[in-house]
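The block underneath contains the structure these notes are about, expressed in structure tokens.
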Amino acid sequence: MAELAELEDPKARAVNEKHGDDHGVNLGKLRALAKRLKTQQDLARGLWDTDDTAARLLALLVCRPKAFGRDELDAMVREARTPKVHDWLVNYVVKKNPHAEELRLAWSADEDPVVASAGWALTTERVAKKPEGLDLSALLDVIEAEMKDAPDRLQWAMNHCLAQIGIEHADHRARAMDIGERLQVLEDYPTSPGCTSPFAPVWITEIVRRRQVR
């Protein structure tokens, strides 16, 4: 914790707080620290229990993803207060855990929209890498009915799933494009030069184009 305190940078904190993340540690320096510490599950649990955002991010880098139990991960996703901690928890830990599919199903139906967004993130992973057994038409039905009025983080996760379905599954692409066009979710999202817009029709079109060029 003392070492993390020394890495605190007011400028980094100002930038991070704009995104809802209350820490001031440069992520490159955080990763370098994690590389030096290597995997330490007990340390990871201790860092998580501090409730400090930088410490929790470090915990997620030095933990052993498969060592967490289902209920432990469920508690952690509910405790993950900030977007970056939530994102790293889902992507670096839950996706590698044997309980990922069970949690995907439970979280997708959760009343807490942030928890539900974690379920949708896991669904997006399956759409891309292991779609067997998923009802893509039913997923599109839910997105069409609920995405427009969903809270921000849940809306973002559902939109990502919509785009992934359109990108990966040509037989559902026209419908995914149509849903995106009609709902207009993230159409006006500010996008830096050289980056792809998160507006699903633009996102789908661009990634499909790049793959065809390759």
Give the separation of the Cα centroids, region 140-214 to region 71-90, in Å. 25
Candidate residues VAL127, VAL213: accessible-area rank, largest first, probe 1.4 Å: VAL213, VAL127
GluC sites (Glu not before Pro) restricted to DSSP loop in region 89-120 with at most 11 other C-beta within 10 Å: GLU111
Name the trypsin sites (Lys or Arg not before Pro) in region 1-59 that are in a loop by DSSP and that have at most 16 other C-beta atoms within 10 Å, would you? LYS38
The ³J(HN,Hα) series, computed from each phi in region 85-93 with the Karplus coefficients 6.51, -1.76 and 1.60 at θ = phi - 60°, rounded to the nearest Hz and given as x for glycine or proline, is 4, 4, 4, 5, 4, 5, 7, 8, 10
Tell me the accessible surface of GLU72 in square angstrom (1.4 angstrom probe, heavy atoms of protein chains only), to the nearest ten. 60
At a 1.4 Å probe, what is the % contribution of carbon and sulfur to the accessible area of the chain? 51
Obtain the nm distance between the two label points defined at GLU146 and SER192 by a simple spin-label model: each point lies 7 Å from its Cα along the Cα-to-C-beta direction. 3.2
How much area per residue is accessible in region 56-116 when the probe is 1.4 Å and only protein heavy atoms are counted (Å²)? 43
Order by accessible surface, 1.4 Å probe, largest leading, for residues HIS172, HIS19 comes to HIS19, HIS172
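The values are calculated or read from the model by the stated rules, or taken from the named source; none is laboratory data. Quick caveat: nothing in here was measured; it's all calculated off a predicted structure. Quick reminder, even Gly has a Cβ in these numbers, built from the backbone with ideal geometry, and neighbours come from all protein chains shown. For the accessible areas, the whole protein counts, side chains as well, though only heavy atoms, and no ligand, DNA or RNA atoms are used. Shrake-Rupley method; radii C 1.70, N 1.55, O 1.52, S 1.80 Å.
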